[in-house]
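J.: Provided herewith is a single structure, encoded as C-alpha cells, for subsequent inquiry.
Just so it is clear, none of the values below were taken in a lab; they were calculated from the coordinates. None of these values were measured; they are calculated from a predicted model.
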C-alpha cells in the first residue's frame, strides 16, 4: 500500500515580497497542513512589502515572519505545482509538475487601495487551487 504524497506548491515572483508572499499566506491559512507551501523570487527584495503585510493583516493573515527567498532549483524540483506571477521564464521545469502563470498586477510601490484588489484576486485563485488540490488528493 502506498501513501499519497502531500502536494507541494511553489509561488514565484521577481522580488518574493508581495504577490508570492500573499499567495503563500493564503494557501497556508486555507489548506493548513494538507499542502506544503513555498515561495521564492528570482531577485528577492530585502524585506516583504509593508503594504502587502498590511493588506493581509486586514483579512486576518499575518505574514510578518516571512522573508524574501531566492528561487532555487531544489525548491522548484521539490514542488508538484509551480505558480509564477510575472517572473518570466526563470523557473526551471521538471517533468510531472503543473506550471501555472497568474497574471497579477505588482503591488510594489502601490498604496493599500491598489493592493486590496490584488490581494482579493490572489485569494480567489488560491481558493480555487485548494479545491483542485484537495479534490485530486
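J.: From Cα pairs below 8 angstrom and at least 6 apart in sequence, can you work out the relative contact order of segment 8-136, rounded to a whole percent?
T.: That works out to 31 percent.
J.: Right, another one. Using only DSSP helix segments of four residues or longer, with each worth -39500 (n - 2.57), what per-residue ellipticity at 222 nm results for the chain after dividing by its residue count and rounding to 500?
T.: -12000 deg cm²/dmol
J.: Using a 10 angstrom cutoff on alpha carbons, build the Gaussian network for the chain and name the most mobile of 100, 30, 71.
T.: Largest GNM mean-square fluctuation: 100.
J.: Using only Cα atoms, tell me the angle between helix 112-136 and the longest principal axis of the chain; keep it within 0 to 90° and round to the nearest 10.
T.: 10
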